[in-house]
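Colleague: Quick one: the structure is below, questions incoming.
No lab work stands behind these numbers, since they all come straight from the coordinates. None of the values given here were measured: they were computed from a predicted structure. Please note: Cβ atoms are built from the backbone with ideal geometry, for glycine as well, and neighbour counts cover all protein chains shown.
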Amino acid sequence: MGFLRIRTTVDERPGRLASLAAALAAKGGNILGLSVQTDANGTVDEFVTDIPANAEAVREALEAAGGREVQVVTATAHELTDEPTRVLLLASRLRTTPWRLPELLGELLRAEDSRWVYGSEMSDLPDPTLLTVPVTARRAIRVRRSELPFTLTEAARAASFVRLAQPPAEQTGSDRELKLSDGTEVQVRPLTGLHREAVRDLHDRCSPEARRFRYFTSMPVLPPKVFDRLCDRTRGHSVVAGQDGQVIAVASLMFTPDPGIAEMAFLVEDRWQGRGLGTHLAAVLVRQARDLGFAEVRATLLSDNVRMRRLLVSLGATLNHTEDPGVVEARLAVGAMATASPG
């Protein structure tokens, strides 16, 4: 048959990738390229293979090995180039010719069409073969690829690629000022060991309910190991919001074992809730996730945490039930807040 690009969704279980590779080998396939991506319905494994079997035989073999939504399309020898090298070359071309952004974005995603859209045209369409990538508040690029639907990981890649063509942000350094809905200004900066006492004081000032929403228990005392974990940059990125010398909120983006997925959580002092601070901090975390290459941010929260549920839904997150009826999971695609985020 020749070169094929094969994509299949699998459950996040150990050994699934090995089963798929064995199924391809049984059909005489030689795997020449592999990527693992995050998507809404599971993990997406994509192979580029040189295989004698036809598309239908490959599809049946992968479905028998545990693959779902198997898609097989013809590939070319041109697609066998080293993927990181290809992306770096596209990025280099974009830096020298930023006005070619739609064309180069189309190349990045191997799309059939890529063009500017404006205003009302920017609204998302319920079509997995179309991807709308915001560039400014009133301008976006719409990319079309009929054979393979776009994944969350590809949407995150597209958002990061678009940033290369944009001028650097005015904000310098890692500290920033945020203006809340009532006009109050707060300072946001990375969490470090220097904030240990201030975070402990914040924890003490929060009500038992606020602590329960954050930790799923009232936790009257913040254990030192929990604070140390939040400061560990190998496990995630946390920020603090301060005003008049006090830390009034902590927001954390924690890495997970799932590829392309990070988890966020917040602790906001009671008197500062309902003033837009949580929305601003969520925007900060999503931008961090985007810069770190994550495709999706998730949050696990108690079902009765109405304020946080409303906040996440307002940002575009979807809520899903879990096996525990008292717990829900929110899922937010990083690209959903690429340009609309405050701050």
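Colleague: So, by mean Cβ neighbours within 10 angstrom, what's the order for 108-117, 149-158, 46-55 with the highest one leading? Numbers along the way, then the final one.
Modeller: On the way: 108-117: 17.0, 149-158: 23.1, 46-55: 18.5.
Going from most to least packed, we get 149-158, 46-55, 108-117.
Colleague: In addition: Mind putting a number on the dipole of the chain about its Cα centre? Charges go on the C-beta only, +1 for Lys and Arg and -1 for Asp and Glu, and I need it in Debye to the nearest 20.
Modeller: Details: 42 positive and 44 negative charges, 139 e Å.
Value, rounded to 20: 660 debye.
Colleague: Over the chain, what is the percentage of antiparallel beta bridges among all DSSP beta bridges, to the nearest 5? Spell out each step's value before the answer.
Modeller: Working: 69 of 72 bridges.
About 95 percent, rounded to the nearest 5.
Colleague: Note the angle between two axes, namely the Cα long axis of helix 16-26 and the longest principal axis of the Cα atoms of the chain, as a number of degrees from 0 to 90, rounded to the nearest 10.
Modeller: The two axes meet at around 10 degrees.
Colleague: Can I ask one more? Give me the Å³ per residue figure for the convex hull around the C-alpha atoms of the stretch 22-120.
Modeller: Values: hull volume 13.9 nm³, N = 99.
Expressed per residue, the convex hull around the Cα atoms of the stretch 22-120 is 140 Å³.
Colleague: If every alpha-carbon in the stretch 72-171 counts as one equal scatterer, what log10 I(q)/I(0) does Debye give at q = 0.22 1/Å?
Modeller: Cα-only, vacuum Debye calculation for the stretch 72-171: -1.27.
Colleague: If you don't mind, another one. Rounded to the nearest 10 degrees, what's the angle between the helix 277-291 long axis and the longest principal axis of the chain, both from Cα atoms, 0 to 90?
Modeller: Roughly 30 degrees, rounded to the nearest 10.
Colleague: If you don't mind, another one. In whole Hz, with x marking every Gly and Pro, tabulate ³J(HN,Hα) for the stretch 220-236 from phi via Karplus 6.51 cos²θ - 1.76 cosθ + 1.60, θ = phi - 60°.
Modeller: Result, rounded to whole Hz: x, 10, 7, x, x, 5, 5, 4, 4, 5, 5, 7, 6, 6, 7, 9, x.
Colleague: Over the stretch 116-275, what is the relative contact order in percent, taking alpha-carbon pairs closer than 8 angstrom and at least six residues apart? Walk me through the intermediate numbers first.
Modeller: On the way: 216 pairs, mean separation 24.3, N = 160.
Reported as a whole number, the value is 15 percent.
Colleague: I need the shape label for the stretch 1-46. Rule: rounded when a/c is under 1.5, else prolate if a/b > b/c, else oblate, with a, b, c from the alpha carbon gyration tensor. Walk me through the intermediate numbers first.
Modeller: Working: a/c = 2.61, a/b = 1.56, b/c = 1.67.
The shape class here is oblate.
Colleague: Still on this structure: Starting from the Cα gyration tensor of the stretch 253-296, take the square roots of the eigenvalues, sort them a ≥ b ≥ c, and report rounded, prolate or oblate (rounded when a/c is under 1.5, otherwise prolate if a/b is larger than b/c, else oblate). All intermediate terms of the calculation are to be shown ahead of the outcome.
Modeller: Values: a/c = 4.19, a/b = 2.18, b/c = 1.92.
Cα axes put the stretch 253-296 in the prolate bin.
Colleague: Return one number: the angle in degrees, 0 to 90 and rounded to the nearest 10, between the long axis of the Cα atoms of helix 152-164 and the longest principal axis of the Cα atoms of the chain.
Modeller: Once rounded, one gets 80 degrees.
Colleague: When the Kirkwood hydrodynamic radius is evaluated over all pairs of different C-alpha atoms of the chain, what value in angstrom, to one decimal, is obtained?
Modeller: Numbers: mean 1/r = 0.0453 Å⁻¹.
Across the chain, the inverse of the average 1/r is 22.1 Å.
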